[in-house]
Protein chains: 2
Amino acid sequence: MATKEEHILLHAEQIIATQGYNGTSVRDIAAKAKVNISMISYYFGSKEKLMEALFKWRMDSGIHFAQEILENPDYSEVEKIELILYNYVNRVKKLKNFYLIMQTQQVISQNKIINDLLKNYRLRYIQLLQLLIESGQEKGIFKNNPNLFFIHTTLTGTLFNAINGMQLYKDFADDEVSKLSEAKFKDYYFENLFIHLKSLLKNLLGYENK
Amino acid sequence: MATKEEHILLHAEQIIATQGYNGTSVRDIAAKAKVNISMISYYFGSKEKLMEALFKWRMDSGIHFAQEILENPDYSEVEKIELILYNYVNRVKKLKNFYLIMQTQQVISQNKIINDLLKNYRLRYIQLLQLLIESGQEKGIFKNNPNLFFIHTTLTGTLFNAINGMQLYKDFADDEVSKLSEAKFKDYYFENLFIHLKSLLKNLLGYENK
DNA sequence: ATAAAAATCAAACAAATGTTTGATTGAATT
DNA sequence: AATTCAATCAAACATTTGTTTGATTTTTAT
């Protein structure tokens, strides 16, 4: 994708994340990206197609990493699932704004293309988990047989919900933590989030620490 | 609250849940509720104040039940926390549409009153969990000391995310389940969701089955 | 039955919306 | 240097938006 389109998408993402798709006008986007209003139609065709372009752009690179980990024979099942989880957490941390948009679009999107992208994203992630968990169960590494679908619901739900909760977490943290810089606090927050999610997985699947 | 206002709120809730606040016009609401457009201003003052009224209306009855359970000396900590969880799950099941709205507003709301309501709702729930967990830890019923904030994030996140996943779950379920009626399937889904959440809590807090 | 109050209505309002137009500028190609 | 193509712009467009108006109907109270 050309650099000008990315420039617009980048700014659109920021503003749509905080105001929502319907709460953001093409004039808002144009102003934020410092381009003429007509450039949105010029580059994307319409506001709706800009949104579709944003989703295609951001979701493209999504599953590849996890797929590679899954096929790598050098890792154990425990290592694989924790690596995939770690990657997921870091992706959400890095693409915070996009995952906020995903969260709202999952509820209210009427756009078929976006709905299909969202559905496929979920399906692939669940199937990936399924392969990994079944493999671990066969080898006796995972002792439990939990509900696959709800595991995914919990991982994704916790991650999504955690993005909204960052500010509130600061109020709960002790003085040391709340004095951290914005970036340092973000690191701290997502590190603890990862630890929490790891412990969830460990209990759900029933495996021992390495 | 008078019955006519409730009538409007009820229909507004339905349509805002599927289209979002900004994606729903007062004409949409008026049409759905079969009232004249000007009735929205007449009864609520404005579209925004209608939204505030919806939040006040639905969130009012929220925490009372949990508070009563907490103060009841007849229950053990394990019973208390599972009762509160059960009540929470059923509330989400019953007020599905409102919790969908909550989910999106948590991300994009610019309304101070709604933001404050949402924040207080979270805070009270976390504090309630804190009291319960500390009490259980003192008595040695809860063996672990997990991150309180992230427990709440997981419970709420799982529940919220589960609302969106209901349809997808049907695709994963076996024939028997997918043949169920809409209402029966909803019962089945939320029952399994409750079991899943209970198992999460049990592992996180570290207690044994009754 | 009459007066007062509450509820409903179609119509109008200004403002904001997404998109298109047609002219103008800039860069690349011949 | 002339021509072609891509990019940018201010202005205009038809709709849709939330809200208000002022008249009319319905309900309530006297």
Q: Scan segment A:37-46 residue by residue and report those that are more than 7 Å from DNA strand C (Cβ to nearest atom) and either touching a residue at least 60 places away in the same chain (Cβ under 8 Å) or among the aliphatic types (A, V, I, L, M) (or both).
A: A:39
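Being within 22 Å of residue B:99 (Cβ to Cβ) and more than 17 Å from the chain's Cα centre (by Cα) is the requirement here; does residue B:139 meet it?
No.
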Q: Inspect all residues belonging to segment B:118-134 and state whether any of them is more than 10 Å from every other protein chain (Cβ to nearest Cβ), over 19 Å from the mean Cα position of the chain (by Cα) and surrounded by 17 or more Cβ atoms within 10 Å (Cβ to Cβ).
A: yes
Q) Among the residues of segment B:168-210, which ones are within 12 Å of another protein chain (Cβ to nearest Cβ), touching a residue at least 12 places away in the same chain (Cβ under 8 Å) and not in a helix (DSSP H, G or I)? A) B:206
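Run down A:82, A:68 and say which single residue is over 30 Å from residue B:24 (Cβ atoms) and free of Cβ contacts under 8 Å to residues at least 60 places away in the same chain. Break it down stepwise before answering.
Numbers: A:82 fails: free of Cβ contacts under 8 Å to residues at least 60 places away in the same chain.
The match here is A:68.
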Q) With respect to the numbered conditions (1) touching a residue at least 12 places away in the same chain (Cβ under 8 Å); (2) surrounded by fewer than 17 Cβ atoms within 10 Å (Cβ to Cβ); (3) within 16 Å of DNA strand D (Cβ to nearest atom), which one is the sole condition not fulfilled by residue A:29? A) (2)
Q) What pairs can you find where one residue is in segment B:87-115 and at pLDDT 95 or above, the other is of a type in the set (Asp, Glu), and their Cβ atoms are less than 8 Å apart, with a gap of 6+ or different chains? A) B:97/B:13; B:98/B:13; B:101/B:13; B:111/B:48; B:111/B:52; B:113/B:52; B:114/B:52
(Q) Being free of Cβ contacts under 8 Å to residues at least 24 places away in the same chain and buried (at least 16 other Cβ atoms within 10 Å of the Cβ): is that true of residue A:153 here? (A) yes
Q. Which residues, counting only those in segment B:37-68, are near DNA strand D (Cβ under 8 Å from one of its atoms) and not in a helix (DSSP H, G or I)?
A. B:37, B:45, B:46
Q. Only one of A:49, A:34 is at positive phi, free of Cβ contacts under 8 Å to residues at least 24 places away in the same chain and either within 16 Å of DNA strand C (Cβ to nearest atom) or among the aromatic types (Phe, Trp, Tyr) (or both); which?
A. A:34
(Q) One residue is enough: does segment B:41-63 have a residue meeting the conditions at pLDDT below 95 and either touching a strand residue (DSSP E or B) at 6+ places or on another chain (Cβ under 7 Å) or under 25 Å from residue B:139 (Cβ atoms) (or both)? (A) yes
Q: Being within 14 Å of chain A (Cβ to nearest Cβ) and either more than 14 Å from DNA strand C (Cβ to nearest atom) or in contact with a Lys or Arg (Cβ under 7 Å, 6 or more places away or on another chain) (or both) is the filter here, so list the residues in segment B:1-23 that pass it.
A: B:13, B:14, B:15, B:16, B:17, B:18, B:19
**Q.** So residue B:96, is it surrounded by fewer than 19 Cβ atoms within 10 Å (Cβ to Cβ) and more than 26 Å from residue A:25 (Cβ to Cβ)
**A.** yes
Q: Could you identify the single residue in B:97, B:144 that is within 14 Å of chain A (Cβ to nearest Cβ) and more than 11 Å from the chain's Cα centre (by Cα)?
A: B:144
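The values are calculated or read from the model by the stated rules, or taken from the named source; none is laboratory data. Being a predicted model, the structure only gives us computed values, none of them experimental. Backbone-built Cβ (ideal geometry, glycine too); neighbour counts: all protein chains shown.
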